[in-house]
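Inspection log for the structure reproduced underneath, given as structure tokens.
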Amino acid sequence: MQILQLIRDRFRVVLEPMLQDPALLGATLERIVPSREAQLADYQANIAMPLQKVLGKPPLEIAKSVVDGLQVSDICSNVSIAGAGYINLRLSPEWMASEVMAADRDERLGVGRVSQPKTAIIDYSSPNVAKPMHVGHIRSTVIGDAISKVMRFLGHRVITDNHLGDWGTQFGMIIYGYKHFRDEGRYAAQPVAELSRLYRKVQGISGYQESLGNLPKFEQGVEQAHNRVRMVEEKLQGTPNDKKVIKELAAAQRGVEVAKEELRAEREKVESAQRDEELIRDSQAHSNIYEKVLAETAALHRGEEENLGLWHAFLPNCKDEIHSVYRRLNVEFDHEYGESFYHAMLPAVVEELFAKSMAVNSDGAVCVFLDGFDAPMIVQKQDGAYLYATTDLATAMFREREFAPDISLYVVDHRQGEHFTKLFAVLKKLGYDRTDFRHISFGTVMGSDGKPFKTRSGSTVGLESMLDEAVSRAMEVVCDPTTGASGQMDQAEQQLIAETVGLGAIKYADLCHNRTSNYIFDMDKMVRLEGNTSAYIQYSYARIKSILRKAEEKGWGESSFRSVPVRLTEGSEGGVSLHLLRFEDMLHQSMVDYTPNMITEYLYELAKLFSSFYDQCSVLNASTREEALSRLQLTSLVGKTLRKGLELLGIGVVDRM
RNA sequence: GGGCUCAUAGCUCAGUUGGAUAGAGCAACGGAUUUCUAAUCCGUAGGUCGAAGGUUCGAAUCCUUCUGGGCCUGCCA
């Protein structure tokens, strides 16, 4: 049920004759919204105040004439004017009751399919294969998966594509590692583990050599920072009270601290590497390893037989590893073309850019210069190699040919904002202007120190170990035999609950923050049963299932409670019902800017409203059979809505916990 | 240097795109239980929405300046 549209349609009848301009009419109708203050109204129309200039009448007079013409007696029990000219609507309990009944009888819980479905490509997760997945991948995966599921449920044609990094430098590293460091036995027994070891080994040597090479640069940086302070100090002597210069001095002094810290961190990296004798030995034997890695990568890209053969041998293993993570997360994709798929198309992309006079040679590289940006988009390097911008162009062009999408979403972290702005600008210039390209950017996962989430030793946190920890924490919290129903369960059921609650906690914690902001990762908080967590909602669901089981035992199954009408008498019943009926509106709203946190907020609110109802209104021990059956219907719909909502977020439920 | 972005209660965060007295959750304090799973519910307290101007019927939200963080910035992805 789309209540908002229903109400707006009623207002349209009144407003259309008053407002000639269709754009104004549309904007005015958009000012009819759910009320923020539940005590004041269910819905409010903030339309009279902005119209006072247009119509040349005082707002209260406008509001009155609108209300006089408004025909809503079938759905509203009260329409009033308040304050500066707010029109407040209260939905009638009878109408809500009939809508609750309809929703409970509908497989889709009363949610319709959009009348004009759109084709949407959603590009998310997109890790580099052969590198272990880490925390950084969780947001893209979880947000993209949720958006896909919601859009699909609303009736759009959704095509998901996991744009795997399967063609990059990491394969150069593995190939180099395989050629120089492989352990045949281990490779035969556990290829994935061995490849991963090889990757880490080469990466380690390369990182060490890079840090070593960086030291003089960072030392120089500190030196320069000091020089800058001296310069500003001299300048300040000339103009002692110039505020700007004083500020400049402070900035310069901070610059010294930053430079020192950078140098210190880099030295520490080097020193800790130097404690690793094997690494030092290997580093001496393989000097300039990164250049050699790039050479292996280039050979692969040229199609050199040995490297291409190794790539073909490694890729399935690497993919298997990644797929096992997706299986656990219950995430699926329609396509997994990956970067390698586009490799052969890249020369044609560059040619087309030249043909349309968009590309130029600059310092030996092929560049596309764009208005408003100093730096160009580079599509081919001096050495002839292509870059990810080139691949992204080829990918978008392929998708246009193959799927003709109306919407194309890239769920990628915010640091790539400028890249996508440029990419979309180039695509538009190339003539792909019928597609709504959007960068669905998101913030960084931070540690409790407010810095990007890392382990104590400073490395990134592995995704799988994080999932394991969430599950074991969930086990501690949820399967405490003194609380809940866990005392009655065998180990297998407890394990299933821990898995469902643990993974749900990770996903929910991610989704419940506005995607654009950074958030602080706090495992303790996210597996709790109190507060805005998945476990609280899952627990509400389990209690609902418990009531429904007991009702069934009393002979009050679905067919029984559906035989009586729903009646909303208590305040908490009305509160739950109103919220239930907003499900569809909320789903649409959450897809305007692709903000899944609107869904978590809705579900949390629903669970809270239900707990309140649960506390105030006994279902099975209601005063009459009719009342009990009426409340059972409400309970049933809350349960189904919670389950559906969580399902759309990729989160499961359990029948008891 | 240029660009993007953020700053809301002690802490973690919302804020439906400019609407009424700025909301949740933790933590703190006070209540409720012969329980349909108290893993709950009800209440109290907590705010100069970073600062200062501006735009208008009305600003946490839009504009300008400032302060302080984060990120990006020519051949990594």
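When the criteria are applied in full, A:Val653 meets the requirement of being outside the structural domain of A:Lys554 (by TED's automatic domain parsing) and either closer than 21 Å to A:Leu109 by Cα or out of contact with any helix residue (DSSP H, G or I) (no Cβ under 7 Å at 6 or more places or on another chain) (or both). Residues that are out of contact with any Ser or Thr (no Cβ under 9 Å at 6 or more places or on another chain), without any contact (Cβ under 8 Å) to a residue 12 or more places away in the chain and assigned to a loop (DSSP other than H, G, I, E, B) do occur in region A:301-323.
Screening A:Ala189 against (1) surrounded by 17 or more Cβ atoms within 10 Å (Cβ to Cβ); (2) within 38 Å of the chain's Cα centre (by Cα) leaves a single unmet condition, (1). Only residues that are within 8 Å of RNA strand B (Cβ to nearest atom) and not in a helix (DSSP H, G or I) were counted in region A:573-608, giving 3. Of all residues in region A:363-385, those being in a strand (DSSP E or B) and out of contact with any helix residue (DSSP H, G or I) (no Cβ under 8 Å at 6 or more places or on another chain) number 2. For A:Val412, the criteria (1) out of contact with any Asp or Glu (no Cβ under 8 Å at 6 or more places or on another chain); (2) near RNA strand B (Cβ under 10 Å from one of its atoms) hold in every case but one, which is (1). In region A:112-137, the qualifying residues are those that are β-branched (Val, Ile, Thr) and buried (at least 21 other Cβ atoms within 10 Å of the Cβ), and the one that is nearest to A:Phe171 (Cα to Cα) is A:Val129. At least 3 residues being touching a residue at least 24 places away in the same chain (Cβ under 8 Å), closer than 22 Å to A:Val619 by Cβ and within 6 Å of RNA strand B (Cβ to nearest atom) is the threshold, and among the helices (runs of 4 or more DSSP H) wholly inside region A:508-567 those reaching it are A:534-553. Out of the residues in region A:443-453 that are of a type outside the set (Lys, Arg) and either free of Cβ contacts under 8 Å to residues at least 40 places away in the same chain or more than 10 Å from RNA strand B (Cβ to nearest atom) (or both), state the one that is surrounded by the fewest Cβ atoms within 10 Å (Cβ to Cβ). Restricting to residues being of a type outside the set (Lys, Arg) and either free of Cβ contacts under 8 Å to residues at least 40 places away in the same chain or more than 10 Å from RNA strand B (Cβ to nearest atom) (or both), the top hit is A:Asp449.
Within region A:350-370, the set of residues being over 18 Å from A:Arg302 (Cβ atoms) and in contact (Cβ under 8 Å) with a residue 24 or more places away in the chain comprises A:Glu352, A:Leu353, A:Lys356, A:Met358, A:Val368, A:Leu370. Taken together, the residues in region A:423-437 that are free of Cβ contacts under 8 Å to residues at least 24 places away in the same chain and surrounded by 19 or more Cβ atoms within 10 Å (Cβ to Cβ) amount to 1. Of all residues in region A:25-83, those that are closer than 12 Å to A:Val14 by Cβ, away from RNA strand B (no atom under 13 Å from the Cβ) and part of a loop (DSSP other than H, G, I, E, B) total 3.
Inspection of region A:614-632 identifies at least one residue that is modelled with pLDDT under 95, near RNA strand B (Cβ under 8 Å from one of its atoms), touching an Asp or Glu at 6+ places or on another chain (Cβ under 8 Å) and not assigned by TED's automatic domain parsing to the domain that holds A:Val411.
In the set (1) out of contact with any helix residue (DSSP H, G or I) (no Cβ under 8 Å at 6 or more places or on another chain); (2) modelled with pLDDT under 90, the condition left unmet by A:Asp468 is number (2). Screening region A:609-620 for residues that are touching a residue at least 60 places away in the same chain (Cβ under 8 Å) and part of a loop (DSSP other than H, G, I, E, B) and picking the one that is farthest from A:Ala551 (Cα to Cα) gives A:Val619.
Table: residues versus (1) closer than 17 Å to A:Ala396 by Cα; (2) at pLDDT 95 or above.
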| position | (1), (2) |
| --- | --- |
| A:Phe333 | no, yes |
| A:Glu336 | yes, yes |
| A:Tyr342 | yes, yes |
| A:Pro347 | yes, yes |
| A:Val350 | yes, yes |
| A:Phe354 | no, yes |
| A:Gly364 | no, no |
| A:Leu370 | no, no |
| A:Phe373 | no, no |
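Count of region A:646-657 residues, restricted to those that are buried (at least 23 other Cβ atoms within 10 Å of the Cβ) and in a helix (DSSP H, G or I), is 2.
Among the residues of region A:482-490, none qualifies, meaning not one is within 30 Å of A:Gln538 (Cβ to Cβ), hydrophobic (A, V, I, L, M, F, W, C), near RNA strand B (Cβ under 9 Å from one of its atoms) and under 24 Å from the mean Cα position of the chain (by Cα). Restricting attention to region A:147-159, does a residue exist that is surrounded by fewer than 22 Cβ atoms within 10 Å (Cβ to Cβ) and on the phi > 0 side of the Ramachandran plot? Within region A:147-159, one or more residues are surrounded by fewer than 22 Cβ atoms within 10 Å (Cβ to Cβ) and on the phi > 0 side of the Ramachandran plot. In region A:255-296, the qualifying residues are those that are of a type in the set (Val, Ile, Thr) and within 16 Å of RNA strand B (Cβ to nearest atom), and the one that is nearest to A:Trp167 (Cα to Cα) is A:Val293. Being of a type in the set (S, T, N, Q), more than 20 Å from the chain's Cα centre (by Cα) and part of a loop (DSSP other than H, G, I, E, B) is a property that A:Ser465 lacks.
The values are calculated or read from the model by the stated rules, or taken from the named source; none is laboratory data. None of the values given here were measured: they were computed from a predicted structure. Please note: Cβ atoms are built from the backbone with ideal geometry, for glycine as well, and neighbour counts cover all protein chains shown.
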